[in-house]
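Down below is the structure, laid out as structure tokens.
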Amino acid sequence: MVLGLTRGWARVAGAAEGDASPDVQILQTATSVDNAAVEAYDAALQLAVIGGPDAHPGVNGLFRAARAHHADHVLAYDDALDRLGAPAPGAANAAVAALFRPAGSALRAVAEAMLAVESVAAQTFQLAVGLLEDGHARSVAAAVAGTEFQHVAALAVLREVAGGDDLELFTLGDGAGADFPEALASVAFPDAFTTTDEARPPGEGATG
Amino acid sequence: MTGSASVPVPPAFGRRALLAGAAAALGGLGVACSTSGGGDVSEEDVTGITRLDRLEGDLAVVALLASMENLAIALYETTRELVAEGDLDPLPAPVAAYLDVAQAQHEEHARAWNGILTGSGRQAVTGVNLTLKTTLEPMVGNARDYVGMATAFLEVESVTAATYLAGIQATENNATLKIAASIHPVELQHVTFLHLVLDREPLPGGFATADGARSTTDTIG
């Protein structure tokens, strides 16, 4: 193979030192990040604009689906940790949890705050894919990262249309799909390559 | 991002042939004969790669992914041609915008993979994944409106994303892995957007899957 680089934890700045293996530390960080996302969605669903009786059903459904995904991701990461004989941290990643601070109660503000959570989570898991040695753990991280970047896309679109008539795009079965504003394609997938610039340090959530 | 090879020009997708009742067979070997990558190039290399499994290890995965990207590009180019020639109604603005942005991204992805191939002394893949193309052709041939075409887009994007995940699971080389990990989410974001366009649940599953992934036994051309 011409490209001789190898996967490796030691190449990551900010890697935590400790007794746990690099894979365990990465997975513990991952599950802490998804725990924070679950908490953020729980908080969002308490808001009238998301979980109230007058909330848009499509938006409510989007948040409920994403919340369920994150809960499933926690289970998947916890299972991967169990396979490695390591405990799941249980706690939420404080830095990620702190990102959900909507600047107001309007839908756009809530979407913006959740987008911040999702972006960091997705990038943290993308980073993990390139670091994990264990094949199963890597597959889990990749499957999760892809899904969370889908959350990012949906929330980016929601943020853009929040407050306007185009919110009906999130009403399923109404045939409004062709009525998207033209610019939303660039909003949903702005870059040809996703990055890890906002990823949390891979050892941040390690509990040993 | 990696990649310095010229943008490949995939062969036409072939709906016009289908519409005319002609055979769907298209293209030749579809693999450029690149001499820019350096290194030892075998006789097989310069006569064209039609079987991905002739490449060793990760390079076979890289070539497979390039062929998938080229297929998406070809599909989107064909869609534009169908509209331009009146075989398909003009696309709604969001779908037309989708084509422009998504195709440009697929071209960048193809350049990244072909950069690895040519950097390894191999040829850039300019052909498409013929195995999946065969599956898509009836969808394209039967499409009467943007919904039909977007459904074909969704198929190629979904299968491509699945193939990326399978590639991530199989790849040994870390640089290749990281590139795949930075493209896989983008293909899935295309899927999400198409779900919205098609009035479907935008987040249908909690985990990306490799179900339906193409393999290195596929043919390209």
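The values are calculated or read from the model by the stated rules, or taken from the named source; none is laboratory data. Since the model is a prediction, treat every value here as computed from it, not as a measurement. Glycine gets a Cβ as well: all are built from the backbone with ideal geometry, and neighbour counts include every protein chain shown. Accessible surface is based on the protein model in full, side chains and every heavy atom, while ligands, DNA and RNA are left aside. Shrake-Rupley method; radii C 1.70, N 1.55, O 1.52, S 1.80 Å.
All but one of (1) away from chain A (no Cβ under 11 Å); (2) open to solvent by 10 Å² or more (accessible area, probe 1.4 Å); (3) among the β-branched types (Val, Ile, Thr); (4) touching a residue at least 60 places away in the same chain (Cβ under 8 Å) hold for residue B:116; which doesn't?
It fails just one condition, (1).
Which residue out of A:153, A:109, A:185 is modelled with pLDDT of 95 or more, open to solvent by less than 10 Å² (accessible area, probe 1.4 Å), assigned to a helix (DSSP H, G or I) and not aromatic (Phe, Trp, Tyr)?
Answer to the check: A:153.
Going residue by residue through the stretch B:70-79, is there one that turns out to be within 23 Å of residue B:180 (Cβ to Cβ), modelled with pLDDT under 95, more than 14 Å from chain A (Cβ to nearest Cβ) and open to solvent by less than 50 Å² (accessible area, probe 1.4 Å)?
No: the stretch B:70-79 contains no residue that is within 23 Å of residue B:180 (Cβ to Cβ), modelled with pLDDT under 95, more than 14 Å from chain A (Cβ to nearest Cβ) and open to solvent by less than 50 Å² (accessible area, probe 1.4 Å).
Assuming residue A:23 fulfils every condition listed in (1) over 20 Å from residue A:152 (Cβ atoms); (2) charged (D, E, K, R); (3) open to solvent by 30 Å² or more (accessible area, probe 1.4 Å) apart from one, which condition is it?
Here residue A:23 clears every test but (3).
Name every residue in the stretch A:50-59 that is part of a helix (DSSP H, G or I) and open to solvent by 30 Å² or more (accessible area, probe 1.4 Å), in order of residue number.
Within the stretch A:50-59, A:51, A:57 qualify.
Scan the stretch A:160-177 and give yes if some residue there is open to solvent by less than 20 Å² (accessible area, probe 1.4 Å), at pLDDT below 80 and part of a helix (DSSP H, G or I), otherwise no.
Scanning the stretch A:160-177 turns up at least one residue that is open to solvent by less than 20 Å² (accessible area, probe 1.4 Å), at pLDDT below 80 and part of a helix (DSSP H, G or I).
Could you please let me know if residue A:62 is open to solvent by 60 Å² or more (accessible area, probe 1.4 Å), closer than 29 Å to residue B:196 by Cβ and within 13 Å of chain B (Cβ to nearest Cβ)?
When the stated conditions are applied, residue A:62 does not pass them.
With B:170, B:152, B:213, B:180 as the choices, which residue is crowded, with 23+ Cβ neighbours inside 10 Å, over 15 Å from residue A:126 (Cβ atoms), more than 7 Å from chain A (Cβ to nearest Cβ) and out of contact with any strand residue (DSSP E or B) (no Cβ under 8 Å at 6 or more places or on another chain)?
B:152
Would it be correct to say that residue B:111 is basic (Lys, Arg), assigned to a helix (DSSP H, G or I) and within 14 Å of another protein chain (Cβ to nearest Cβ)?
yes
So residue B:86 clears everything in (1) at positive phi; (2) at pLDDT 50 or above; (3) in contact with a helix residue (DSSP H, G or I) (Cβ under 9 Å, 6 or more places away or on another chain) except one condition, right? Which one?
(3)
Determine the pairs where a residue that is at the interface with chain B (Cβ under 7 Å from one of its Cβ atoms), located within the stretch A:186-197, has a partner that is open to solvent by 20 Å² or more (accessible area, probe 1.4 Å) and not in a helix (DSSP H, G or I) with Cβ atoms under 6 Å apart, the partner being 6 or more residues away or on another chain.
Here the result reads A:193/B:1, each pair linking the stretch A:186-197 to a residue that is open to solvent by 20 Å² or more (accessible area, probe 1.4 Å) and not in a helix (DSSP H, G or I).
Looking at the stretch A:40-49, which of the residues that are more than 17 Å from residue A:162 (Cα to Cα) and open to solvent by less than 20 Å² (accessible area, probe 1.4 Å) is farthest from the other protein chains (Cβ to nearest Cβ)?
Of everything passing the filter in the stretch A:40-49, A:40 is farthest from the other protein chains (Cβ to nearest Cβ).
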